[in-house]
Amino acid sequence: MKRLALAICGALAANAAVAQDEMFDDRWYVTGIGGAALVDEDRLTDDDWPYYGVSIGKFFSPNFSLEFQIDAYESEFEGDGLTVPAGVDASFENVGYGLFGRYHWGQFSNWRPFVLAGVGLQEHDNFLDDGRDAFASVGLGATAEFGDHWSLRTQFEARYDNDRATFDNDNGFLDGIFSLGLSYKFGEPPRPP
C-alpha cells in the first residue's frame, strides 16, 4: 500500500512540475498592423504601397500562436505592356483573409524570434479582374513584450497569390510584405500556481 501511495504522490508531483513548466500566457490578443507591400513586378503596378490590417489570436502552447488576420494593400497599374483605358480607374486592391501560425523560440534581451506560415483567400479588385484566389505565406520576425498587455512585432512575409485571372497567365504572383504590429492582450496575465 505504501508503494502505491508513493507512486501516486510521485506521479502527481511530476505532473505538477510539468504543468508548471508548461504555464504560458494564453490570453486573446488583437494586433493592428502597418507596413509596406513590395508587389511582384509582373503585376505591372507601382512598386511599394502601404499595407495595413488587423488580427486576433492567442498562444496555444508556450511556442505556438495562431491568428486570424484581415489585411489589404493597394497599388495602381503602371507599366509597359498594359494600357489603362481612358476613364477607367487604374487602382489595384488586394484584401486578404487568412490564418497565420507562428512558432516562437528563445528570448534575446526582450525580443523573441519566430517563423510564420499562413494560408487564406485574397480578393482582387481591379479593372481586369474582380475575383478571389488562395494565398500562402512564409516569413520570419520577432516580438518584444513591454508591460502586461502590450507587445511590438516586426516581420517580413513572402506571400504567393495564386491570381491567374488578372492577366490570364499560368502563374500567380509573389509579393513581399514588411510590417510592424502593435498587440494588446486582454485580461490579466496568468499567475503561477
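Worth pointing out:
- Within the shell defined by Cβ-Cβ distances under 12 Å, the residues around residue 104 carry a net charge of +1, with Lys and Arg each +1 and Asp and Glu each -1.
- Summing +1 for each Lys or Arg and -1 for each Asp or Glu among the other residues whose beta-carbon sits under 10 angstrom from that of residue 63 gives +2.
- FRET efficiency, residue 134 to residue 108 (Cβ-Cβ, R0 45 Å, nearest 0.05): 0.85
- The amide H of residue 140, built 1.01 Å from its N in the peptide plane, has 116, 156 as neighbours under 5 Å, considering only residues 5 or more places off or on other chains.
Only the coordinates and a few stated rules stand behind these numbers; no lab work does. The structure displayed is predicted, hence computed values, not measured ones. Because the Cβ atoms are built from the backbone with ideal geometry, glycine has one as well, and the counts that use them run over all protein chains shown.
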